[in-house]
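Down below is the structure, laid out as structure tokens.
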Amino acid sequence: MLNILVKELMIKFHDYIEPFATIREIAIKRNIPIISPETVSFLSKIIGKYQPEKILEIGTAIGYSALIMAENLNKKFRIDTIDVSKPAVIEARQNIRKYNHSNSINVYFDKGINFLKMTKSKYNFIFIDAKKEEYPEYYRLSKLQLKSNGIIVLDNLLWQGKVRQKRAFADKRVEILRKFDRDFLNDNSGKTEIYEIGDGVGIYNKKI
Ligand SMILES: C[S@@+](CC[C@H](N)C(=O)[O-])C[C@H]1O[C@@H](n2cnc3c(N)ncnc32)[C@H](O)[C@@H]1O
């Protein structure tokens with residue numbers, strides 16, 4: 001299913017129209033990292049096509065990517081999104097209220113790993129975009145919370161192109177993501193792919 005899905009989604013990204021220009025401008029001005037326009041386009045399409053009912057996001061920032069997902073859902077849905085920064089959580093809640101999604105998007109102030117360990121919820125779709133050093137653990141725990149045929153999307157897997165370059169970098173995230181790159185692509189519990197979209201997007205589709 002994943003190959004067909006992704007092929008369909010690998011359409012050109014020139015059709016990107018910024019849906020939340022004000023939030024993007026604020027993020028740029030204040031150096032808040034949010035998903036790239038290419039990733040917006042990709043995420044919009046995969047969410048629009050798959051229409052997951054229950055979504056978990058690790059890494060809310062100011063609510064931009066949660067709103068992108070919400071805007072592409074046309075049935076009843078719930079998004080739980082987690083961030084460890086209290087000011088980010090407050091601002092995300094304000095943005096989500098402004099765009100009338102407070103009833104369907106819950107913003108939790110918590111550590112991603114902690115939330116994943118404690119939650120009893122199961123999700124159809126999990127978007128991982130938080131602390132890069134913790135990606136292996138987010139991924140392992142996310143798979144336990146994924147419903148059958150569910151999808152996990154991870155952003156920044158190629159980390160500014162550094163992950164697949166041969167040289168060394170004085171950034172321990174590169175080493176962690178290099179190992180994760182190999183382990184993820186060798187994971188036989190589902191289908192995995194990494195695409196050069198934005199900063200590198202990984203997709204996992206659980207075997208039914
Ligand atoms: C790249 S930003 C998320 C951007 C957001 N997904 C978007 O595109 O709009 C990463 C976020 O992860 C949060 N974060 C960092 N460490 C975390 C942790 N251990 N648990 C949860 N969130 C964390 C940061 O506070 C930051 O807001």
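The values are calculated or read from the model by the stated rules, or taken from the named source; none is laboratory data. The structure presented is a predicted model; accordingly, all values stated were derived computationally and were not measured. In this analysis, Cβ positions are derived from the backbone assuming ideal geometry, glycine residues included, and neighbour counts consider all displayed protein chains.
Residue-by-condition table, conditions (1) more than 25 Å from S148 (Cα to Cα); (2) out of contact with any strand residue (DSSP E or B) (no Cβ under 8 Å at 6 or more places or on another chain):
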site: E25; (1), (2): yes, yes
site: G48; (1), (2): no, yes
site: A70; (1), (2): no, no
site: R78; (1), (2): no, no
site: D83; (1), (2): yes, no
site: K86; (1), (2): yes, no
Qualifying positions in segment 70-89 - buried (at least 20 other Cβ atoms within 10 Å of the Cβ) and closer than 21 Å to Y135 by Cα: I79, D80, T81, I82, D83, V89
Flag for N100 being farther than 19 Å from R30 by Cβ, more than 14 Å from the ligand (Cβ to nearest atom) and part of a strand (DSSP E or B): no
Some residue of segment 105-118 being more than 14 Å from the ligand (Cβ to nearest atom) and crowded, with 20+ Cβ neighbours inside 10 Å: no
Collect the residues in segment 13-40 that are more than 13 Å from the ligand (Cβ to nearest atom) and in a helix (DSSP H, G or I), keeping them in residue-number order. F13, H14, D15, A21, T22, E25, K29
So which residues in segment 127-159 are crowded, with 22+ Cβ neighbours inside 10 Å, over 14 Å from T192 (Cα atoms) and in contact with a Ser or Thr (Cβ under 8 Å, 6 or more places away or on another chain), if there are any at all? F127, I128, D129
Run E53 past the list (1) within 30 Å of N114 (Cα to Cα); (2) without any contact (Cβ under 8 Å) to a residue 40 or more places away in the chain; (3) surrounded by fewer than 17 Cβ atoms within 10 Å (Cβ to Cβ) and report the number of the one that doesn't hold. (2)
Under 8 Å between Cβ atoms, which residue pairs at least 6 apart in sequence (or on different chains) link something in segment 145-171 that is more than 24 Å from S65 (Cβ to Cβ) and in contact (Cβ under 8 Å) with a residue 24 or more places away in the chain with a partner that is more than 16 Å from the ligand (Cβ to nearest atom) and of a type in the set (A, V, I, L, M)? S148/I208
Check I176, I194 and return the single one that is in contact with a strand residue (DSSP E or B) (Cβ under 7 Å, 6 or more places away or on another chain) and either surrounded by 16 or more Cβ atoms within 10 Å (Cβ to Cβ) or touching a residue at least 24 places away in the same chain (Cβ under 8 Å) (or both). I194
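Residues in segment 168-181: is at least one within 24 Å of I62 (Cα to Cα) and modelled with pLDDT of 95 or more? Before you say what the answer is, go through the steps one by one.
Applying the first criterion (within 24 Å of I62 (Cα to Cα)) to segment 168-181 yields 173.
Within this subset, residues satisfying the condition of being modelled with pLDDT of 95 or more are 173.
Within segment 168-181, one or more residues are within 24 Å of I62 (Cα to Cα) and modelled with pLDDT of 95 or more.
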Could you say whether any residue in segment 132-151 is under 18 Å from I32 (Cα atoms) and within 12 Å of the ligand (Cβ to nearest atom)? yes
